[in-house]
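Every read-out reported here was derived from the displayed coordinates using simple, explicitly stated rules and does not represent laboratory data. A quick note: this is a predicted structure, and the numbers were derived from the prediction, not measured. A quick note on method: Cβ atoms are made from the backbone with ideal geometry, for glycine too, and the neighbour counts reach across all protein chains shown.
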């Protein structure tokens, strides 16, 4: 389906094969995952290093503070949503990362490595078992870790499918401008 055929006014769903793609297409770092009605994204599930739970929770507060201080801190990642979960199903603490964003996996990964390398804030992934210590100098090791811990979704639904975060914000700015104009007319 081409971009012009995508109708954002009706919800859309996409069932995705177990591999995470319909047709194998190689990107710089492995298979290219398709753009879905929810845009792009990935989910990582990995074991937490022993004793690192508080460091992970503190990292969440660090990211919150960075965004409070600089609201567009994560803008290079073109995020829609990001969720972090900690859970224990009986064999130790596990971390889940769920991200939905507007760029493909390769671009997101390169932007994330650059952002965290330049900002001085490290990635939360440093608290996960098997995460490479040389990730800043060796983005391929970062990618390898993410690919090895990625679990492709098998269904994605978008209430306003294929719409970018920038388009959503633009629509909300337009709504605000119309509301303000109508308020001034009264």
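Hey, what D do you get for the chain in µm²/s if you plug the Kirkwood alpha-carbon radius into Stokes-Einstein at 20 °C and 1.002 mPa s?
117
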Alpha carbon Rg of the stretch 5-82, scaled by the compact-globule rule 2.2 N^0.38 Å = 1.49
note = With only helices counted (DSSP H, runs n ≥ 4, each -39500 (n - 2.57)), the per-residue ellipticity at 222 nm for the chain, to the nearest 500, works out to -11500 deg cm²/dmol
inquiry  = Rounded to whole Å, give me the distance from the Cα center of the stretch 99-166 to that of the stretch 7-35.
reply    = 16
Computed over the stretch 69-171, Kirkwood Rh from alpha-carbon pairs, angstrom = 15.4
Spin-label pair residue 10/residue 45, simplified geometry with 7 Å Cα→Cβ offset, distance in nm = 3.4
remark   = Computed from the beta carbon distance with a Förster radius of 35 Å, FRET efficiency for residue 65 and residue 186 to the nearest 0.05 stands at 0.30
request  = Output the peptides 19-26, 147-154 sorted from most to least packed, where packing is the average of other Cβ atoms within 10 Å over each peptide's residues.
outcome  = 147-154, 19-26
inquiry  = Suppose a student asked you for the relative contact order of the chain, using Cα pairs under 8 Å spaced at least 6 residues apart; what percent would you report?
reply    = 37
task = Calculate, for residue 84 and residue 170, the FRET efficiency according to 1/(1 + (r/R0)^6) with r their C-beta to C-beta distance and R0 30 Å; round to the nearest 0.05.
result = 0.60
